[in-house]
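The values are calculated or read from the model by the stated rules, or taken from the named source; none is laboratory data. Remember, it's a predicted structure, so these values are computed and weren't measured experimentally. Cβ sites come from the backbone with ideal geometry, for glycine too, and all protein chains shown count toward neighbours.
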Amino acid sequence: MRSSRKQVRAERAHQFLLNGPIPIKDINDIILAFNQCFEGALARILQPHDTPIRYLATLDDGTLLCGSYNKTVRMDAMVMDGARVVTNNESSVYSMALLPDGKFALGSQDSGVSVWDDDVRVCTFAVDDKKVCALVGMSDGNLASGSQNGAISLWKRDGECLRTLMGNTHWVMALAALPDGKLASGSLDTTVRVWDTSTGACTSTLKGHSYCVSALAVLPDGKLASGSWDKTVRVWDLASGTCLLTLAAHNNGVTCLTVLPDGELASGSFDGFVRIWDLRSGQCLTTLAHSAGVQAIAVLPDKHLAASTTDCTMCLWE
């Protein structure tokens with residue numbers, strides 16, 4: 001009888017323990033050896049920054065952007081000799097968003113929102129609450145930002161504020177542009193809210209998480225996934241406002257979500273694991289282990305998965 005995935009993982013882990021002490025040169029050897037007990041193939045380990053990488057994003061041409069707490073964003077981070085600093089932000093990068101025209105926006109700790117075209121700053125937005133925790137580019141070319149004071153601002157590309165959405169009672173930690181033009185927000189107040197951007201009205205409030213909602217992802221069928229520091233991922237039907245699935249396997253808060261090319265969902269957590277989920281059954285298909293808490297994940301054009309961690313490294317998975 002064919003062994004189950006769980007049995008295979010258990011056998012690999014048992015064999016790993018029997019092999020005794022690992023001859024190592026550095027932490028990378030530990031990671032490489034440990035990950036033989038899990039699914040997935042670890043291709044490379046990089047360290048493009050000397051501080052934790054908070055955000056990852058892939059441009060249309062395949063270029064990987066890495067935003068760090070050291071106030072910089074690096075481009076082409078996978079080519080260590082060719083990686084270059086494209087911005088020197090005035091303060092730590094707290095959020096990042098790709099825009100439809102290939103530019104990107106940064107939200108920072110102290111200096112609000114800035115829009116960049118490669119290494120050229122195009123404009124800076126006058127945000128009242130300078131600590132911008134979430135950003136997302138909208139389908140109409142505008143930009144939404146979420147702040148520590150709970151406000152969400154909608155911006156035209158020239159820096160004009162169209163309107164401010166009020167209703168969250170704590171930090172806005174995540175934003176997602178929905179297919180129908182609406183906006184979803186996740187907050188430290190434990191809620192997911194859906195907003196009509198044309199009127200500024202909150203059309204629904206999704207409750208179920210018991211702690212901060214820290215990540216959002218729009219699924220291929222239009223449903224919404226939310227990740228929380230309560231260690232779970234929830235899948236929502238936005239038409240009815242009901243929770244269809246609760247994915248519970250992480251041992252610490254969920255920090256990031258991304259949809260894979262085949263429609264599966266990847267979640268990263270402070271527990272040091274990336275888990276890949278079958279959204280039809282709710283089962284965890286694959287577990288990828290890291291040396292520290294996972295901060296951000298992104299899919300590359302060659303279908304590698306990049307994950308950054310709190311120990312300043314970035315792992316590339318096949």
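Considering only residues that are over 18 Å from LEU316 (Cα atoms) and part of a loop (DSSP other than H, G, I, E, B), which ones fall in the stretch 272-295? Residues satisfying the conditions are ASP278, LEU279, ARG280, SER281, GLY282, GLN283. In the stretch 254-269, the qualifying residues are those that are surrounded by fewer than 20 Cβ atoms within 10 Å (Cβ to Cβ) and touching a residue at least 24 places away in the same chain (Cβ under 8 Å), and the one that is nearest to the chain's Cα centre (by Cα) is VAL259. Scanning the stretch 110-138 for residues that are part of a loop (DSSP other than H, G, I, E, B) and at pLDDT below 85 yields ASP110, SER111, GLY112, ASP118, ASP119, ALA126, VAL127, ASP128, ASP129, LYS130, LYS131. Residues in the stretch 169-179 that are within 22 Å of VAL218 (Cβ to Cβ), outside any strand (DSSP E or B) and either modelled with pLDDT under 90 or of a type in the set (Gly, Ala, Ser) (or both): there are none. Is one or more of the residues making up the stretch 192-202 under 29 Å from PHE125 (Cα atoms) and free of Cβ contacts under 8 Å to residues at least 12 places away in the same chain? So far as the stretch 192-202 goes, yes, one or more of its residues are under 29 Å from PHE125 (Cα atoms) and free of Cβ contacts under 8 Å to residues at least 12 places away in the same chain. When each of ASP189, ASP180 is tested for being surrounded by 17 or more Cβ atoms within 10 Å (Cβ to Cβ), among the acidic types (Asp, Glu) and either in the same structural domain as GLY150 (by TED's automatic domain parsing) or more than 14 Å from the chain's Cα centre (by Cα) (or both), the lone residue that passes is ASP189. Summed over the stretch 208-228, residues that are without any contact (Cβ under 8 Å) to a residue 40 or more places away in the chain and farther than 22 Å from ALA144 by Cβ total 3.
You will find that of LEU224, LEU285, the residue that is in contact with a helix residue (DSSP H, G or I) (Cβ under 9 Å, 6 or more places away or on another chain), under 29 Å from ASP302 (Cβ atoms) and among the hydrophobic types (A, V, I, L, M, F, W, C) is LEU285 and no other.
Scanning the stretch 229-253 for residues that are without any contact (Cβ under 8 Å) to a residue 24 or more places away in the chain, among the small types (Gly, Ala, Ser) and out of contact with any Lys or Arg (no Cβ under 7 Å at 6 or more places or on another chain) gives ALA239, SER240.
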